[in-house]
Amino acid sequence: MSIDEDYDFPRFRSDSNAGHYESWFVRGNHPTRPLAIWIRYTIFSPKHSTHDSIGELWAIYFDGENGKHYVSKSEYPIGECEFSGDPFKVRIGSSVQDHKGLKGKSGNKQGSTNIEWDLGFSGGDKPLFLFPKDLYSGGFPKAKVLVGKPSLLLNGFIKLENNKIEIENWKGSQNHNWGPKHTDQYAWGQVAGFDGEQGSFLELATAKIKIGPLWTPAITPIVLRLHGEEYALNSLFSSFGRASYRYFDWKFQASSPEIKIEGRIHADKKDFACLRYANPPGGWKFCLNSKIARAEVLVQRKGETSPLRLRSARNAAFEILTEDTSHGLLTEV
């Protein structure tokens, strides 16, 4: 089966001690307001200790109008979870995600907000692969990422404690990540529709890997869908030196014979939640997570005399994964 067909098939093996994480997450943004949701169904299996594997539920509601966000997490023994690929279904506790939508609740960890959700999917485009497809079956990179359903519309509701919020045609995506360890350092970004550009979609990352005491140069694969075309600027050897990021600003550029892209994704410090991810080989990573970031991208395509300016006022995804604590954010769960 090719990656085009098994993009959401679970890679977790309960008989392997190699260590593994795997997540299927959904994100969505209000069509016009700085409001967003992010819900993540996760397997965590520590190296050399598969009997300690667990299922995790994460949820964040971002309220950019009031400068607040609400974070939730739950954990369940792996025996209370179910993962299947044909048909696709992930169940953690009583919370379920499939290709029609997701329904569940989270908040059994201390300090968590109780969040409940019932969301259906409509629309959506064919899967988007951030890496060249032949890399999904090999050992490099160790962490695989793809967008199973770009350009989704979400409808339903979420509840924050007892506050029910109706979700109507929020723009987003369903995504799948997995590997034996987290990438050592990365920035990840996504725009599920630029303002006024229906069907547009941007996925990119800037990643560095540590090999012994040495760090590799940063690579930045970029995939842009625009006006019915896909521009995959993700060749491994042309992805070096394209980007730089810091807390909380990221600039990038890339070009091919067909297109030139130059852009920026940024957000205020208060727009990020700080999450702590366990790493299968041991240790922890901090994920600085925002789904209400800003994006500005300048696109120059072959044969066009003037560049196209794309903008996302407050609905870009922006995450930074790090072991560093100088960002100044407090870990929330």
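The values are calculated or read from the model by the stated rules, or taken from the named source; none is laboratory data. Computed from a predicted structure; not experimentally measured. No Cβ is skipped: glycine too gets one built from the backbone with ideal geometry, and neighbour counts run over all protein chains shown. Protein only, heavy atoms only, side chains kept; ligands, DNA and RNA dropped before computing areas. Shrake-Rupley method; radii C 1.70, N 1.55, O 1.52, S 1.80 Å.
Tell me, which residue of region 204-253 that is among the charged types (D, E, K, R) and at pLDDT 95 or above is most open to solvent (accessible area, probe 1.4 Å)?
From region 204-253, those among the charged types (D, E, K, R) are 208, 210, 225, 229-230, 242, 246, 249, 251; that's our starting set.
Those still in the list that are at pLDDT 95 or above too: 225, 229-230, 242, 246, 249, 251.
Numbers: R225: 14, E229: 102, E230: 85, R242: 23, R246: 148, D249: 18, K251: 117 Å².
Selected residue: R246.
Are any residues in region 275-293 more than 16 Å from the chain's Cα centre (by Cα) and part of a strand (DSSP E or B), and if so, which ones?
A278, W284
Checking T50 against (1) within 27 Å of L153 (Cβ to Cβ); (2) open to solvent by 20 Å² or more (accessible area, probe 1.4 Å), which single condition isn't satisfied?
The single condition T50 does not satisfy is (1).
Residues checked against (1) basic (K, R); (2) open to solvent by less than 30 Å² (accessible area, probe 1.4 Å); (3) at negative phi:
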| site | (1), (2), (3) |
| --- | --- |
| A267 | no, yes, yes |
| F272 | no, yes, yes |
| R276 | yes, no, yes |
| F286 | no, no, yes |
| E296 | no, no, yes |
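Looking at (1) assigned to a loop (DSSP other than H, G, I, E, B); (2) under 18 Å from W170 (Cα atoms), which is the only condition L102 fails?
(1)
Among the candidates I78, I54, I3, I43, single out the residue that is aliphatic (A, V, I, L, M) and out of contact with any helix residue (DSSP H, G or I) (no Cβ under 8 Å at 6 or more places or on another chain).
I78
State all residues of region 238-274 that are assigned to a loop (DSSP other than H, G, I, E, B) and within 15 Å of T206 (Cα to Cα); if no residue qualifies, say none.
Result: S239, G241, R242, Y247, F248.
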